[in-house]
Amino acid sequence: VLDYIACQFCLESNYGTSRFATEFNNISGMKFPRSRPTTSYGFYVGSSYIAKYASWSACVVDYVYRCCYFKFVQSSFKSIDIFKSYLLKSNYCPESDYLNRIDNVYNFITNLKNSQNEK
């Protein structure tokens with residue numbers, strides 16, 4: 001599941017090159033939370049209140065806070081399918097094809113890793 005979350009961060013941050021990743025250290029694409037503990041501070045971009053972080057690691061910690069807040073139980077990290085259902089339940093997925101897009105990144109990286117291991 002950690003590989004899947006890393007792929008989610010790759011998608012959200014355009015592999016660390018997006019404006020939110022480079023200017024705000026926001027590799028997860030999260031907005032500023034209003035009702036849970038956070039390591040972020042808010043920043044307006046247009047009409048959106050985006051989470052800004054001191055570092056990428058602070059963003060990862062905030063992602064964990066979000067998982068705790070939405071009661072991702074330990075068993076939700078045992079398989080990617082269970083984790084995906086928790087993502088859907090927590091309303092993290094902004095578009096209907098969001099999980100498919102993460103799957104595409106996951107499959108691409110998995111295939112790349114496998115091809116490197118075959119050499």
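Note on segment 79-119: among residues that are in a helix (DSSP H, G or I) and among the charged types (D, E, K, R), the one that is surrounded by the most Cβ atoms within 10 Å (Cβ to Cβ) is Lys84. Of the helices (runs of 4 or more DSSP H) lying entirely inside segment 1-78, those carrying at least 3 residues that are in contact (Cβ under 8 Å) with a residue 60 or more places away in the chain and either crowded, with 16+ Cβ neighbours inside 10 Å or not hydrophobic (A, V, I, L, M, F, W, C) (or both) are 2-13. Pairing each residue of segment 87-99 that is under 15 Å from Lys31 (Cβ atoms) with any residue that is open to solvent by less than 100 Å² (accessible area, probe 1.4 Å) and at pLDDT 80 or above, provided the two are 6+ apart or on different chains, yields C-beta distances under 7 Å for Ser90/Phe70; Cys93/Leu87; Cys93/Leu99.
The values are calculated or read from the model by the stated rules, or taken from the named source; none is laboratory data. Note that the structure is predicted; figures quoted are calculated from it, not measured. Positions of Cβ are backbone-derived with ideal geometry, glycine not excepted, and every protein chain shown enters the neighbour counts. Calculation scope for accessible area: heavy atoms of the full protein, side chains included, ligands and nucleic acids excluded. Shrake-Rupley method; radii C 1.70, N 1.55, O 1.52, S 1.80 Å.
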